[in-house]
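As structure tokens, the structure follows; a few thoughts come after it.
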Amino acid sequence: MKVALIAFPGASEEVIKRGEKILKSKLGSINIKIDNTEPEALFVVSGGSENHAKSILQNSKRMLILAMTENNSYAAATEIKSYCNQHNIDSVLYNIDNEINIQNKIQNYIKSNNALNNLSKTKIGLIGEVSEWLISSNINKEILKEKLGLELEKVSWNDFPKYDMFPVNTDFMEHFSDSGFDLEDSSRVYNLLQDIITKKQLDAITVECFPLVQESKVTACLALSLFNTKTIAAGCEGDITSIAGKLIVKELTNQVPWMANLAGIEDDKVFFAHCTIATDLVSDYKINTHFETNEGTAVQGQFKSESVTIFRLNNALNKAFLSFGRIVDRPDRNDSCRTQIKLEIPTTDIQKLKHNPLGNHHLIVPGDHRELIGFFLNMIQIQII
């Protein structure tokens, strides 16, 4: 981590060296590189350093501020933190003398900072339109860019040949072999989407898929599943909120989460279901038809993990739902989308989903990632409801 050491004007080299020694002794295993030009963090060695910090912060979007108790270090750091808040600079302040698990928290900052840097280089393609029923899941592209650095490009289906103009994809056929379905058209849809990704230089896609199945009785479910399996974040229904959340989770955990319908709620359990899950998240999967239309193809599998993190943004990118659950059932209902799980989650979170949902689609990722995702959200001032 690149750190700038700041102190009062005219501070001697001895003062700075002592500060560096203290910092490295407190942070132990974290690799510290002193950098006063493009730092990721400021270490406030003493009071009187506020204007030095201000000069460094002029072109910053975010900053980790580290301080200690002695020499008015923490007092100065609070002024610097206030300046960051006033100027929309995302910042986190820690006192290295008494912060519990300081090294772990700094590692979370490093991961979150790297995630934001990668997101700022990421381009999403909205292929078609946001599906008409997603009345609370469209995000203004300017908000998406300002908050997460994500670029959104709208792509018309009409700008590309129809799927049946593409050849059969043999790798796709091998991936979904022994399905009992004719998958040639599904593989052609995959090739069409891959062509769009390549020509538009996209890093992620969200696809308005229902016109495809309504007009041609072919779905994009398997294609999206395979992209997600290959860690190319892909969503359906043109859901921009979900694809933004998918990219956050991918950058933080190196896993592409499953986008699922919030299909039912009990007193202490919640039921999720959808048709586009990545095949590496399930076992014993088979190919079935797409639930809503009973046409095309979709993935129906048994979710592997026993515990998951549940995550959802709102479309203003200022609130989020974040919870943890344990799978208590993997239903096989005929009246819901094909892959299904029932989770036991805290009753307080059940009440949030009942009375203050942020929308339908939620993201499900194996493991407990609440601490890291929560840190990321707090750092960029997204409130966890």
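Here are a few things to note about the model shown:
- Contact order for the stretch 2-99, expressed relative to its length and based on alpha carbon pairs under 8 Å spaced 6+ residues apart, stands at 29 percent.
- Assigned charges on the beta-carbon of Lys, Arg, Asp, Glu; the stretch 289-385 dipole about Cα centre (debye): 200
- Candidates Lys304, Lys147, Lys17, ranked by Gaussian network fluctuation over the chain, Cα under 10 Å, top entry: Lys17
- About its Cα centre, the stretch 2-99 has a charge dipole of approximately 180 debye under the convention of +1 per Lys or Arg Cβ and -1 per Asp or Glu Cβ, with nothing else charged.
- Relative contact order computed over the chain (Cα-Cα under 8 Å; 6+ residues apart), in percent: 13
- Per residue of the chain, the DSSP helices (runs of n ≥ 4 H) give a summed -39500 (n - 2.57) that works out to -10500 deg cm²/dmol at 222 nm.
- Gyration tensor (alpha-carbon) shape descriptor, the chain, a/c threshold 1.5: prolate
- Comparing Cα centroids, the stretch 3-71 and the stretch 241-313 end up 44 angstrom apart.
- Shape of the stretch 201-350, Cα gyration tensor, a/c cut at 1.5: oblate
- Cα gyration tensor, the stretch 285-333 - rounded (a/c under 1.5), prolate or oblate: oblate
- Cβ-based charge dipole, the stretch 2-99, positive-most Cα from Met63, Ser12, Gln86: Met63
- Pairs with C-alpha atoms separated by more than 24 Å, drawn from the list Lys304/Lys354; Lys21/Lys105; Lys123/Lys286, are Lys304/Lys354; Lys123/Lys286.
- Given +1 at the Cβ of Lys and Arg, -1 at the Cβ of Asp and Glu and no other charges, the dipole of the chain around its Cα centre is 1100 debye to the nearest 20.
Just so you know, all these numbers are worked out from the coordinates, no wet-lab data involved. None of these values were measured; they are calculated from a predicted model. Ideal geometry is used to build each Cβ from the backbone, glycine not excepted, and the neighbour counts take in all protein chains shown.
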